[in-house]
1. What range in the chain is the longest one free of trypsin sites (Lys or Arg not before Pro) that are in a loop by DSSP and have at most 15 other Cβ atoms within 10 angstrom?
2. Quick check for me: using +1 on Lys/Arg Cβ and -1 on Asp/Glu Cβ, what's the dipole size of the chain about its Cα centre, in debye to the nearest 20?
3. What's the angle, to the nearest 10 degrees (0 to 90), between helix 245-262's Cα axis and the longest principal axis of the chain?
4. What are the lysines whose alpha-carbon lies under 27 Å from the alpha-carbon of Lys201, with same-chain residues fewer than 8 places away excluded?
5. If I build a Gaussian network model for the chain, linking alpha-carbon pairs within less than 10 angstrom, which residue out of Thr175, Thr232, Thr108 has the largest mean-square fluctuation?
6. Assuming a ≥ b ≥ c are the square roots of the Cα gyration tensor eigenvalues, decide whether region 11-134 counts as rounded (a/c under 1.5), prolate (otherwise, with a/b larger than b/c) or oblate.
7. Taking K and R as +1 and D and E as -1, what net charge do the other residues with C-beta under 13 Å from the C-beta of Phe58 add up to?
8. For the chain, calculate the relative contact order in percent as a whole number, restricting contacts to Cα pairs under 8 Å that are 6 or more residues apart.
Amino acid sequence: MKNPWKDSPRALLRAEGEHFDLSAVDPASTPGWRSSCDADDYLADTARRLADLQEMLFANGRTENGAHRSLLLVLQAMDTAGKGGIVRHVIGNVDPQGTHIHGFKKPTPVELKHDFLWRIRKELPATGLIGVFDRSHYEDVLVHRVRHLSPAEVVEQRYGIINDFEAELTEQGTTVVKVMLHISKDEQRRRLESRLDRPDKHWKYSPNDVDERELWPAYQEAYQIAIQRTSTAVAPWHVVPADSKPYARAAVQRILIETLEDLALTWPKADFDVETERERLAAS
């Protein structure tokens with residue numbers, strides 16, 4: 001197919017730390033995308049490439065002479081922005097045994113007895129795996145800032161703790177890909193209305209969603225601050241306009257493909273003599 005990307009979304013959507021301005025990102029825009037191309041076709045046409053890269057990552061993690069790497073995809077967004085769609089339509093293109101997906105909910109009483117990264121560390125991807133966090137340690141600087149669940153000085157300290165944590169992961173061989181799916185308030189209303197219109201989607205609707213909408217400006221500010229403070233060279237944020245679900249999925253898939261390609265992995269070399277094994281197999 002014709003390359004639908006005029007420019008790499010990995011570069012276009014990268015948030016440049018302290019200079020980043022969330023309010024300047026149009027949630028309805030499709031940066032880098034050629035309007036004549038179909039995003040669903042792109043997902044289908046590049047699914048094999050993503051799957052091959054994931055298999056190579058997995059193979060390297062399962063052999064002694066392989067590169068012991070892993071990848072962590074962090075998904076953050078307001079409700080209805082499409083995190084689940086990324087998991088189904090992008091991560092769903094790879095072998096499930098090569099992934100570890102975890103959604104972080106309200107901390108349990110046991111989790112609250114530990115520091116905020118304790119439960120995060122327990123769900124990190126093992127060597128060779130693609131890990132996906134549906135919400136993450138960033139809840140502890142987003143929700144906690146907006147809802148005043150922690151003192152302001154504690155939230156301030158966490159930005160630096162997060163940067164140190166993600167730098168540690170990178171040093172240990174985990175590539176961190178952080179994606180904020182940026183949806184508009186109007187589009188969120190439409191998606192919530194759609195859930196109310198469909199009995200099969202009522203289970204996805206929560207009256208709390210309307211309560212959270214009343215805090216929309218505070219959440220936008222919290223995201224702005226979090227991205228500015230934690231978009232680093234080793235773990236940058238990518239802010240993906242998400243009013244168009246097909247575009248957002250295509251962008252995340254392309255970001256993952258480019259990231260995995262940059263690892264420059266090769267298939268692990270056999271730790272046995274191939275020709276000898278060929279002869280033994282033929283004689284068996």
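The values are calculated or read from the model by the stated rules, or taken from the named source; none is laboratory data. Note that the structure is a prediction, hence the values are computed from the model and not measured. Every residue, glycine among them, receives a Cβ derived from its backbone with ideal geometry; neighbour counts consider all protein chains shown. These accessible areas exclude ligands, DNA and RNA; they are computed on the full protein's heavy atoms, side chains included. Shrake-Rupley method; radii C 1.70, N 1.55, O 1.52, S 1.80 Å.
1. 123-268
2. The dipole of the chain has a size of about 680 debye.
3. Helix 245-262 and the main axis of the chain meet at about 40 degrees.
4. Lys83, Lys105, Lys106, Lys185, Lys245
5. Thr108
6. It is oblate, given that a/c is not under 1.5 and a/b is not larger than b/c.
7. Overall, the nearby charge balance is -1.
8. Relative contact order here is 33 percent.
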